[in-house]
Amino acid sequence: METVMQTTTAKRVRSVRPVGTRAVLAELDGLQDVLALQDMLYKSPLPGQVDVLAAAETVMVVGESASATRAIGARLLELELTAPEVTDSGLVVIDTVYDGDDLADVAELTGLSVDGVIAAHSGQIWTVAFAGFAPGFGYMVGENEALTVPRRSSPRTAVPAGSVALGGQYSAVYPRRSPGGWQLIGRTGARMWDLDRSQPALVRPGDRVQYRAVREVVTAGASEAREPEKEHHTESGLRILNPGAQSLIQDLGRRGYGPLGVSAAGALDRASLRRANRLVGNAASAAAIESVNGGLTVEAVGDQVIAVAGAPATLTVQSPSWVESEEPDGGVQPGARRTVPVAAPFALLDGEVLTVGAPESGFRNYLAIRGGVDVPEVLGSRSADTMSGIGPAPLVIGQTLPIGRDTESTAVGSPELQPDFPGTGVTVLDVVPGPRADWFDQEALDSLCGQEWLVTPQSNRVGMRLDGTPLKRTREGELPSEGTMAGALQIPPAGLPVLFLADHPITGGYPVIGVVRDEHLDLAAQVPIGGRIRFRFVRDSPDFTTTVTKTPEK
């Protein structure tokens with residue numbers, strides 16, 4: 001099952017492994033080679049290169065298409081790595097008060113005094129090797145390994161924002177309050193992540209950092225003072241009467257911010273989002289409402305054109321109580337109801353209320369309004385990212401969404417046929433072997449595809465957690481963190497797969513046994529909680545063939 005491309009001469013890039021059909025993973029001999037390749041790809045992007053995700057021993061490159069990705073993989077094998085040019089410019093100084101809860105423990109682990117730890121930490125230049133875990137969290141490597149310490153055996157449930165920490169060979173600053181297992185040695189008031197800045201991350205991969213010991217933390221203010229928001233009346237839009245289980249604003253996501261620790265996010269069922277937008281005459285990337293399992297209820301503020309695509313469900317429109325309709329017996333009925341079809345445009349007049357019923361099959365609906373939902377863009381997208389907290393918050397009762405001008409057609413579309421959506425049966429998803437399929441034997445690979453996996457209630461937009469017969473690894477130990485992507489099937493030590501979706505972390509430390517083909521991710525997004533999945537290994541597409549070329553023994 002393993003598909004690996006390896007160099008035939010002594011190159012710094014030891015091998016290139018496919019990660020599905022839209023990314024490749026370059027394996028290198030060490031962190032210095034990672035930094036070198038990362039620097040080269042930033043300065044001279046390869047044709048079709050979309051994103052670069054560096055990690056401890058690998059660099060993952062995402063391509064714009066399968067054919068572009070294949071070409072990128074071949075080109076990586078030919079590159080002669082050159083060390084990044086080191087200059088004195090761009091040194092980021094982080095003022096730090098060294099009073100962390102684990103400072104004494106670090107001194108004991110390293111054999112240094114507390115003062116010795118402080119001197120070692122502040123007395124060397126650190127380089128940001130890669131980002132991950134959270135936006136603004138940079139893994140920094142020092143000039144020596146004097147402060148290499150293990151992570152805590154029991155992670156803290158909450159680490160304060162600004163905590164300066166050590167973990168393994170790395171140092172980092174927690175950009176916001178979050179769980180964490182690193183050793184805390186100090187704190188800083190530096191804002192590691194600030195969306196008000198033109199460059200939100202204070203430090204980026206390749207930057208050089210020096211910690212400076214101070215006695216007092218000075219908290220930096222936001223780069224620009226925001227004007228207080230003025231109350232305004234939305235003359236045209238949608239008022240949320242009930243958001244259902246969870247409703248989010250989504251477009252096609254944000255690309256190219258992986259090096260900052262930000263995933264693409266965006267609609268999980270991209271085809272349904274595009275269909276809903278097409279029906280109301282919007283641009284394909286216009287922002288819409290993604291809802292799960294029905295229950296979404298909205299009221300029109302002004303006359304609107306709406307379309308709902310995705311999981312088939314009953315769409316009920318109720319007229320305002322002051323609107324009367326004629327009855328067959330000659331009477332009148334206030335607040336009349338009507339149903340409208342899915343995957344077809346319809347008018348929702350001022351005051352009318354639309355309710356999306358529970359899906360007959362599938363799991364997610366996309367409600368598009370002509371003009372798109374006009375919420376502020378964050379890093380070029382209006383999508384909500386549930387992993388990082390970037391983008392608009394989940395919708396709440398009473399909220400009114402204004403309407404934008406993201407149309408590209410003067411007319412609405414015609415009703416469209418939709419594909420079949422997953423129901424109570426088994427959904428088959430095509431997968432290609434993952435970059436770490438060699439961590440498993442044939443029995444485990446057969447088990448992955450030979451059983452039905454149950455989608456558990458712990459699933460969300462970050463990933464689908466599956467239950468079944470656990471898979472066993474053939475290798476001991478843990479994998480150094482490396483880039484991941486939507487569709488990756490990670491296997492934690494317990495052996496139960498996690499299928500990464502749009503809000504996944506950009507790096508992960510569990511082996512990826514397979515990657516769901518990009519074409520089947522929309523289908524995966526529609527499998528409901530309690531649904532069943534069967535995986536089917538397929539060969540790579542013809543435009544992304546892989547070869548295995550052994551390096552001659554020396």
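The values are calculated or read from the model by the stated rules, or taken from the named source; none is laboratory data. Quick caveat: nothing in here was measured; it's all calculated off a predicted structure. All Cβ positions, even for glycine, are placed from backbone atoms using ideal geometry, and neighbour counts span all protein chains on display. The accessibility values were calculated without ligands, DNA or RNA, using every heavy atom of the protein model including side chains. Shrake-Rupley method; radii C 1.70, N 1.55, O 1.52, S 1.80 Å.
Here segment 46-114 is treated with +1 on each Lys and Arg Cβ and -1 on each Asp and Glu Cβ, and its dipole about the Cα centre works out to around 600 debye.
Average accessible surface for the chain: 44 Å² per residue, computed with a 1.4 Å probe over protein heavy atoms with every protein chain in place. Rolling a 1.4 Å probe over the protein heavy atoms leaves ASP522 with an accessible area of roughly 30 Å². For GLN458, neighbours were defined as the other residues whose beta-carbon sits under 11 Å from its Cβ, and their charges (Lys and Arg +1, Asp and Glu -1) total 0. In the complete set of protein chains, residue-level accessible area for ARG191 is approximately 80 Å², probe 1.4 angstrom. The loop-placed trypsin sites (Lys or Arg not before Pro) in segment 440-475, going by DSSP, that have at most 15 neighbouring Cβ atoms within 10 Å of their Cβ come out as LYS472, ARG475.
Ordering PRO528, TRP182, ILE403 by Cα displacement along the dipole of the chain toward the positive end leaves TRP182 in first place; charges were set at the Cβ atoms of Lys, Arg (+1) and Asp, Glu (-1). Computed with the Debye formula from one identical point scatterer per Cα of the chain, without solvent, the log10 of I(q)/I(0) at q = 0.05, 0.06, 0.11 Å⁻¹ comes to -0.24, -0.34, -1.06.
Assign unit charges at the C-beta atoms only (+1 for Lys and Arg, -1 for Asp and Glu), then state the dipole size of the chain relative to its Cα centre in Debye, rounded to the nearest 20.
720 debye
At the residue level, GLU64 shows approximately 120 square angstrom of accessible surface with a 1.4 angstrom probe and all protein chains present.
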